[in-house]
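A.B. asks: If you scroll down you'll find the structure; I have some questions about it.
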Amino acid sequence: MTARLPSLNGLRAFEAAARHLSFTQAASELNVTQTAISHQIKRLEEELGVRLFIRQNRSLALTAEAQDYLPGIRAAFNDLRLATDRLLRKDDDHVLTVSTLASLAAKWLLPRLTNFQEAHPGIDVRITTSTNLVDFQRDKVDAGIRYGRGQWQGVRADWLMADELFPVCSPALLNGSKPLKCPEDLRDHVLLHTSAANSDDWRLWLTAAGLPADFSRQPGLTFDMIFMTVQAAIDGLGVAMGRTAYVEEDIAKGRLVVPFKIAFPVDAGFYLVSPAGRTDPPKLSAFRQWLLGSVQNHASAS
């Protein structure tokens, strides 16, 4: 004999109340009143013939039966969410959304995307930029390119490339009235800085070059994104502290030059991140294979 399933509303109320251990917070999450949650739980307990909560003066606790019941209910709701998500995303099978940093998108990823589009014309790539780590359960993102050490929980992280710090400037500045022949010559030039996460780059490189760290405090210009700092260097406004991924294209095309043969290696790098424990959809598999291959080919040619 098949057991009759209890009320879905009752199960939703139970799962939310058990997660929060609060009828009030469950009511807020489900956009109903606390009284409605209380009634739904009471009805569910009557349907099951099992007490689920121990109601105390100012607290709520699960009974032993509820603790056994909760994992299965939670898994069932998760399966429902995933099935619904797959159903609604079928029309997006050809759309690949990639999240990355704005400067990396502008200076590194976008110049390479033409090759991917030529190889996979049926995939529509959408680039979104953010400094936050991707939450694949919350954000409508298929993959991300992030900077760090690759030790993020719950994601697959594929190594892309390392990073180095070194000064860059316009060729016109290099050969101008105050040529840059040695690091000490930087005293005669405007230093271009990037704020926030990259604010320490000049100090790190100056220390590696044997110059005082406070050298970087001389008057200069500061921008909030690396690609703006790089563009200022291209325009001859001063000397920027470049990072490999952000300047290699401009160096290759002669828009920037490297005045000194001193580079500071950074102990982090760029990774392609994607959801862990899932089978990749074809669009993501194609993008991962292309991106990793593109990086490897570039490294081999360098």
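The values are calculated or read from the model by the stated rules, or taken from the named source; none is laboratory data. Computed from a prediction, not measured in an experiment: that's the story for all the values here. Note that each Cβ is placed from the backbone with ideal geometry, even for glycine, and that neighbours are counted across all protein chains shown. Remember, those area values only see protein heavy atoms, side chains included, never the ligands or the DNA or RNA. Shrake-Rupley method; radii C 1.70, N 1.55, O 1.52, S 1.80 Å.
A.B. asks: I want to confirm something. Restricting to segment 33-50 and keeping residues that are part of a helix (DSSP H, G or I) and among the β-branched types (Val, Ile, Thr), which single residue is most open to solvent (accessible area, probe 1.4 Å)? Working first, answer last.
C.D. replies: The first filter runs over segment 33-50 and keeps only residues part of a helix (DSSP H, G or I), leaving 34-48.
Add one more test, that the residue is among the β-branched types (Val, Ile, Thr), and what stays is 35, 37, 41.
Numbers: 35: 84, 37: 0, 41: 0 Å².
Looking at the filtered set, the residue picked out is 35.
A.B. asks: Residues being farther than 15 Å from residue 240 by Cα and open to solvent by less than 40 Å² (accessible area, probe 1.4 Å): count how many of those fall in segment 148-172.
C.D. replies: Narrowing segment 148-172 to residues farther than 15 Å from residue 240 by Cα: 148-163.
If we keep only those that are open to solvent by less than 40 Å² (accessible area, probe 1.4 Å) too, we end up with 148, 150, 155, 157-158, 160-161, 163.
Summing the residues that are farther than 15 Å from residue 240 by Cα and open to solvent by less than 40 Å² (accessible area, probe 1.4 Å) in segment 148-172 gives 8.
A.B. asks: Pairs, please: C-beta under 7 Å, at least 6 apart or cross-chain, first residue open to solvent by less than 30 Å² (accessible area, probe 1.4 Å) and in segment 176-200, second basic (Lys, Arg)?
C.D. replies: 189/178
A.B. asks: If you don't mind, there's one more thing I want to ask. Just checking, which of 262, 251, 234 is open to solvent by 40 Å² or more (accessible area, probe 1.4 Å), within 21 Å of residue 218 (Cα to Cα) and β-branched (Val, Ile, Thr)? First the steps, then the outcome.
C.D. replies: Working: 251 fails: within 21 Å of residue 218 (Cα to Cα); 234 fails: open to solvent by 40 Å² or more (accessible area, probe 1.4 Å).
Residue meeting the stated conditions: 262.
A.B. asks: Quick one: how many residues across segment 275-289 are in a helix (DSSP H, G or I) and either open to solvent by 20 Å² or more (accessible area, probe 1.4 Å) or aliphatic (A, V, I, L, M) (or both)? Working first, answer last.
C.D. replies: The first filter runs over segment 275-289 and keeps only residues in a helix (DSSP H, G or I), leaving 282-289.
Among the residues that remain, those that are also either open to solvent by 20 Å² or more (accessible area, probe 1.4 Å) or aliphatic (A, V, I, L, M) (or both) are: 282, 284-286, 289.
Residues that pass the stated criteria total 5.
A.B. asks: Would you be able to tell me the number of residues in segment 6-32 that are touching a helix residue (DSSP H, G or I) at 6+ places or on another chain (Cβ under 6 Å) and open to solvent by 50 Å² or more (accessible area, probe 1.4 Å)?
C.D. replies: Within segment 6-32, residues that are touching a helix residue (DSSP H, G or I) at 6+ places or on another chain (Cβ under 6 Å) and open to solvent by 50 Å² or more (accessible area, probe 1.4 Å) number 4.
A.B. asks: Is there a residue in segment 61-71 that is modelled with pLDDT of 90 or more, in contact with a helix residue (DSSP H, G or I) (Cβ under 6 Å, 6 or more places away or on another chain), polar (S, T, N, Q) and assigned to a helix (DSSP H, G or I)?
C.D. replies: Among the residues of segment 61-71, not one is modelled with pLDDT of 90 or more, in contact with a helix residue (DSSP H, G or I) (Cβ under 6 Å, 6 or more places away or on another chain), polar (S, T, N, Q) and assigned to a helix (DSSP H, G or I), which makes the answer no.
A.B. asks: Run down 299, 208 and say which single residue is among the small types (Gly, Ala, Ser), open to solvent by 50 Å² or more (accessible area, probe 1.4 Å) and in contact (Cβ under 8 Å) with a residue 60 or more places away in the chain.
C.D. replies: Numbers: 208 fails: in contact (Cβ under 8 Å) with a residue 60 or more places away in the chain.
Criteria check complete, one pass: 299.
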